[in-house]
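Colleague: There's a structure below that I have some questions on.
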Amino acid sequence: MSRSFYVTTPIYYINSDPHIGSAYTTIVADVVARYKRMMGYDTFFLTGTDEHGQHVLRAAQKAGKDPKEFADELASRFVKLWKDLGITNDAFIRTTDDFHMKTVQDFFQKMYDKGDIYLGKYEGWYCVNCETFWTEKDLGEEKVCPTCHRPLEHIEEENYFFKLSKYTEPLLKHFKEHPDFVEPDFRRNEMLKILESGLEDVSVSRTSFDWGVPIPFDPKHVVYVWFDALINYVSAIGYGRNEEMFNKYWPADVHFIGKEINRFHSLIWPAMLMSVGLPLPKKIFAHGWLTVNGEKISKSKGNAVDPRILMKAYGIDALKYYLLRDIQFGHDGDFSEDNLITRINADLANDLGNLVHRTLAMISQNFDSLPTPKDEGEHDEELKDLTLKTIDEYFKFMDAFKFTQALESIWKLIRFGNKYIDLTEPWLLARDESKKNRLATVLYNLSDVIRNVSIMLSPILSNTSEEIFKRMGQTAKSMEDLGWHKTLSNTPIKVEKPLFPRIDTKKWKKVIIMTEEKKENVEKVSGSSKPQVTIDDFAKLDLRVARIVAAERIPKSEKLLKLQLEVGEEKRQIVAGIGKVYTPESLIGREIIIIFNLKPAKLMGVESNGMLMAAKDGEKLRLLTVDGYVDPGAKIS
């Protein structure tokens, strides 16, 4: 019996064209789906669009279109983008699909029959943009949405409510029995904090407009858009109409979502499932927000970039590699075109491309086809051990959705492969006929490394992996093919142009052009405005990497935040004046650099034991961090 794996993205709200932010989640889910298929799983990968609600209705009216016509147009853009990006989803669901709307009605009826739905009156604040209700305790003095910061509307209307409060204790029990139900752990802790304070019943219908799914027993009400949207995860796989398919794939193995919709997925959705008697998904993974060049993605800033523009300029594999290598999944991350170019030149062209091109060129120059290994020698065992270690680490990291770490591990092997060439000096072996057997082994070993690397990279760099296999004359490609000396010998070799040409940064024209060009007069200083320091002065500073595990505002201060840090085995508390730029929730999980040995001080009566490092340019402030993942407590030197 084959194993199944069900992976989903959120269904994207059609309030705007898809951009690099929405593509990020979809690319990650696609990588996981490809990986699981190569592991032998019967995989079902779902994505789609969320098309009901007041925001869509107003946008359609503004455009002078019928809401269904408006939805058809926007949904088709998502479908086309995923096709252009080579996304391998098995289904694309739309909440306007007839089968989905019927499932929503049946689901709602079951909850009503259970006694979990009741009629009441809602009075409070509503964000039309996010389609989210907010209570007074969620808001400050300014009645703006905590998520999108737009003004809220105060509404009063008759609604049906879901008895969410009834499921506080069952959810607490589930969280405690399944500690990896919500990841990363700091997102789980956020949900636990809400649970422990007690859940409140939530409105699940609207009467002020009719663009939605009518409630079967009271059609003047339409189902609240979020309630409607969440049910897509079961309607798409046949709930209520194809029980064989539904039982095959449910419960979902992982829902990939953005952190702003964690509460809906980790609290409301599980409670809904409990109400109708269905198993809960195995995991909800809430990743951070993606910014572009340090700015939040928005049309007004001109950085809501169509990924096709980047794909055309740099290639889809390079784009996917950068997103998964530079942005640690689960945390907030910034998309920088400069950093993308650096990764292409350093990692893809210099490291991977160079290893493949050098190896295949030397095989072509010295043998008719890929040689057979014969004489073992120095450094072979080291290469073998690192290959097998990398394979083990790869599975561990990929299964935990730690893509950055998986790629870092692979690149250690790639770099050692290039070093192995320098250590064994195959160009010298080629000059001595008596060393032909040793040359064959060296080049075979390098080919075996490339084959293993190609398989491990296949879920991410699928086109590149396919090209490498073609050039090496290899055919089989599944995770079972990983291992030492499994490469087929005597296969034809093709030497072609480098996989990734280097980009000349002096001549290259970048494709992300901000519409709001900020012309800031940054003073260019030829010399330091402060006295020079010696290396001994610098050595007095103990700079370390720290991870933020908790953050909160200090009462009566707009700027000061109290941060709880992990610094190796030690816990630290610092106070930082970054509250106007960063919200507490956006900081959780970030790795920062702190002055570890700064003398403790008190700010507004709160002790600060250390100081974080940040760069300031006018009003712009950015935290200093490290390139890639580093364990908290690591020293900066």
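Colleague: Pick from segment 20-62 the residues that are in contact (Cβ under 8 Å) with a residue 40 or more places away in the chain and surrounded by fewer than 17 Cβ atoms within 10 Å (Cβ to Cβ): which of them is nearest to Ser478 (Cα to Cα)?
Modeller: Ranking the candidates gives Gly40 first.
Colleague: Is it true that Ala361 is part of a helix (DSSP H, G or I), farther than 19 Å from His485 by Cβ, at pLDDT 95 or above and over 34 Å from the mean Cα position of the chain (by Cα)?
Modeller: Criteria met by Ala361.
Colleague: Further question on the same structure: Residues in segment 331-338: is at least one hydrophobic (A, V, I, L, M, F, W, C) and not in a strand (DSSP E or B)?
Modeller: no
Colleague: Shifting gears a bit: Determine if segment 625-636 includes at least one residue that is in a strand (DSSP E or B) and either at pLDDT 75 or above or not acidic (Asp, Glu) (or both).
Modeller: Yes: segment 625-636 contains one or more residues that are in a strand (DSSP E or B) and either at pLDDT 75 or above or not acidic (Asp, Glu) (or both).
Colleague: Report, by residue number, each residue of segment 68-122 that is in contact with a helix residue (DSSP H, G or I) (Cβ under 7 Å, 6 or more places away or on another chain), among the aromatic types (Phe, Trp, Tyr) and within 26 Å of Glu153 (Cβ to Cβ).
Modeller: Phe70
Colleague: Something else: So Gly240 ticks every box in (1) buried (at least 17 other Cβ atoms within 10 Å of the Cβ); (2) in contact (Cβ under 8 Å) with a residue 12 or more places away in the chain; (3) of a type outside the set (Val, Ile, Thr); (4) touching a helix residue (DSSP H, G or I) at 6+ places or on another chain (Cβ under 7 Å) but one. Which box is left unticked?
Modeller: (1) is the only condition that Gly240 fails.
Colleague: Further, regarding this structure: Of a type outside the set (D, E, K, R), part of a helix (DSSP H, G or I), free of Cβ contacts under 8 Å to residues at least 40 places away in the same chain and over 30 Å from Glu295 (Cβ atoms): does that describe Ser434?
Modeller: Answer is yes for this residue.
Colleague: Sort through Asp368, Asp347, Asp385 and tell me the only one that's of a type in the set (Asp, Glu) and not in a helix (DSSP H, G or I).
Modeller: Answer to the selection: Asp368.
Colleague: What single numbered condition from (1) of a type outside the set (Phe, Trp, Tyr); (2) out of contact with any His (no Cβ under 9 Å at 6 or more places or on another chain); (3) closer than 28 Å to His331 by Cα; (4) assigned to a loop (DSSP other than H, G, I, E, B) fails to hold for Asp210?
Modeller: (3)
Colleague: Turning to a different aspect of this structure: What number of residues within segment 63-84 are aliphatic (A, V, I, L, M), surrounded by fewer than 19 Cβ atoms within 10 Å (Cβ to Cβ) and out of contact with any strand residue (DSSP E or B) (no Cβ under 7 Å at 6 or more places or on another chain)?
Modeller: Final tally of qualifying residues: 1.
Colleague: For the subset of segment 222-257 comprising residues that are assigned to a helix (DSSP H, G or I) and of a type in the set (Phe, Trp, Tyr), which member is nearest to the chain's Cα centre (by Cα)?
Modeller: Tyr233
Colleague: Let me ask something additional. I want to confirm something. Restricting to segment 592-624 and keeping residues that are assigned to a loop (DSSP other than H, G, I, E, B) and modelled with pLDDT under 75, which single residue is farthest from Lys556 (Cα to Cα)?
Modeller: Filtering segment 592-624 for residues that are assigned to a loop (DSSP other than H, G, I, E, B) and modelled with pLDDT under 75, the one farthest from Lys556 (Cα to Cα) comes out as Gly618.
Colleague: Let me ask something else about it. Looking at (1) assigned to a loop (DSSP other than H, G, I, E, B); (2) touching a strand residue (DSSP E or B) at 6+ places or on another chain (Cβ under 7 Å); (3) not hydrophobic (A, V, I, L, M, F, W, C), which one does Tyr118 not meet, given that it meets all the others?
Modeller: Failing condition for Tyr118: (1).
Colleague: Looking only at segment 315-343, how many residues end up being more than 19 Å from Thr25 (Cβ to Cβ) and touching a Phe, Trp or Tyr at 6+ places or on another chain (Cβ under 6 Å)?
Modeller: Residues that pass the stated criteria total 1.
Colleague: Of the residues Lys114, Lys143, only one is in the same structural domain as His265 (by TED's automatic domain parsing) and either closer than 24 Å to Ala551 by Cβ or not charged (D, E, K, R) (or both); which?
Modeller: One residue alone meets the criteria, Lys143.
Colleague: Among the numbered conditions (1) buried (at least 23 other Cβ atoms within 10 Å of the Cβ); (2) aromatic (Phe, Trp, Tyr); (3) modelled with pLDDT of 95 or more, tell me where Phe227 comes up short.
Modeller: (3)
Colleague: Whether any residue in segment 155-178 is under 30 Å from Glu295 (Cβ atoms) and either free of Cβ contacts under 8 Å to residues at least 40 places away in the same chain or within 30 Å of the chain's Cα centre (by Cα) (or both) is what I want to check.
Modeller: no
Colleague: Restricted to segment 392-427, and to residues that are touching a helix residue (DSSP H, G or I) at 6+ places or on another chain (Cβ under 8 Å) and of a type in the set (A, V, I, L, M), which residue is nearest to Val31 (Cα to Cα)?
Modeller: Going through the qualifying residues, I end up with Met398.
Colleague: Does segment 75-90 contain any residue that is in a helix (DSSP H, G or I), under 25 Å from Pro216 (Cβ atoms) and of a type in the set (S, T, N, Q)?
Modeller: Checking segment 75-90: not a single residue is in a helix (DSSP H, G or I), under 25 Å from Pro216 (Cβ atoms) and of a type in the set (S, T, N, Q).
Colleague: OK, next. Identify all residues within segment 269-290 that are without any contact (Cβ under 8 Å) to a residue 40 or more places away in the chain and of a type in the set (Phe, Trp, Tyr); write none if there are none.
Modeller: Trp269
The values are calculated or read from the model by the stated rules, or taken from the named source; none is laboratory data. Fair warning: this is a prediction, and the values are worked out from it, not measured in the lab. Note that we place each Cβ from the backbone using ideal geometry, even for glycine, and neighbour counts take in every protein chain shown.
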